[in-house]
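The values are calculated or read from the model by the stated rules, or taken from the named source; none is laboratory data. What you see is a predicted model; the values in this text were computed from it and never measured. Neighbour counts run over all protein chains shown; Cβ positions are idealised from the backbone, glycine included. These accessible areas exclude ligands, DNA and RNA; they are computed on the full protein's heavy atoms, side chains included. Shrake-Rupley method; radii C 1.70, N 1.55, O 1.52, S 1.80 Å.
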Amino acid sequence: MQRHNENALRIAQFLSRHAKVEHVYYPALESSPQFETFSKMGLKGAGGVLAFELCGGLEAGKVLCESVQLIHLAVSLGSVESLIEHPATTTHSMLAQDVREAAGVTDGLVRLAVGVENVEDLVRDLENALSNV
């Protein structure tokens, strides 16, 4: 779990500074509305799952998920390998757009279950994939 936590935080920090990412949802980020609460809990990490909102909506989400090489496209909470999914075109695709958005699942939302691979390899994979968005 320590490696999941460390990797997820590093990736959340990278994504939060990227021009093609509008928002990152991860409570261990200082910019998170949940950061104060998270900090008071005394946890050793926020886990390996995070979500982020891409600029460019539906097409950006699809392109990103199709462009990663090391991270696997899969609908799962993950394991030791990193997994990525685009809920608008997978888990929530059967819902009308207004229903999806009311539930917080926007066209540009991407979910990432971070594994225990070398974190710099994961960052590089995301950086390369984001260059295609």
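Checking Arg17 against (1) touching a strand residue (DSSP E or B) at 6+ places or on another chain (Cβ under 9 Å); (2) at pLDDT 95 or above: exactly one of these is not met. Which one?
(1)
Can you name the residue in the range 106-126 that is among the aliphatic types (A, V, I, L, M) and surrounded by fewer than 20 Cβ atoms within 10 Å (Cβ to Cβ) and is also nearest to Leu58 (Cα to Cα) among such residues? Before you say what the answer is, go through the steps one by one.
Start the filter on the range 106-126 by keeping residues that are among the aliphatic types (A, V, I, L, M), which leaves 109-110, 112-114, 116, 119, 122-123, 126.
Still in the list and also surrounded by fewer than 20 Cβ atoms within 10 Å (Cβ to Cβ): 116, 119, 123.
Working: Val116: 28, Val119: 27, Val123: 22 Å.
Top of the filtered list is Val123.
Gln2 passes all but one of (1) over 15 Å from the mean Cα position of the chain (by Cα); (2) crowded, with 17+ Cβ neighbours inside 10 Å; which number fails?
For Gln2, the failing item is (2).
Scanning the range 66-89 for residues that are among the polar types (S, T, N, Q) and more than 19 Å from Glu53 (Cα to Cα), which turns out least open to solvent (accessible area, probe 1.4 Å)? Break it down into steps so the answer makes sense when it comes.
Applying the first criterion (among the polar types (S, T, N, Q)) to the range 66-89 yields 67, 69, 76, 79, 82, 89.
Right, trim to more than 19 Å from Glu53 (Cα to Cα) and you get 69, 79.
Working: Gln69: 150, Ser79: 62 Å².
Here the answer is Ser79.
Conditions (1) in a loop (DSSP other than H, G, I, E, B); (2) touching a Pro at 6+ places or on another chain (Cβ under 9 Å); (3) surrounded by fewer than 18 Cβ atoms within 10 Å (Cβ to Cβ), marked per residue:
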{"position": "Glu30", "(1), (2), (3)": "yes, no, yes"}
{"position": "Pro33", "(1), (2), (3)": "yes, yes, yes"}
{"position": "Lys44", "(1), (2), (3)": "yes, no, yes"}
{"position": "Phe52", "(1), (2), (3)": "no, no, no"}
{"position": "Leu58", "(1), (2), (3)": "no, no, yes"}
{"position": "Gly61", "(1), (2), (3)": "no, yes, no"}
{"position": "Asp98", "(1), (2), (3)": "no, no, yes"}
{"position": "Asn128", "(1), (2), (3)": "no, no, yes"}
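Between residues in the range 34-53 that are at pLDDT below 70 and residues that are assigned to a helix (DSSP H, G or I) and open to solvent by 20 Å² or more (accessible area, probe 1.4 Å), which pairs lie under 9 Å by C-beta distance while being six or more apart or on different chains?
Taking only residues 6 or more apart or on different chains, the pairs are Leu43/Asn5.
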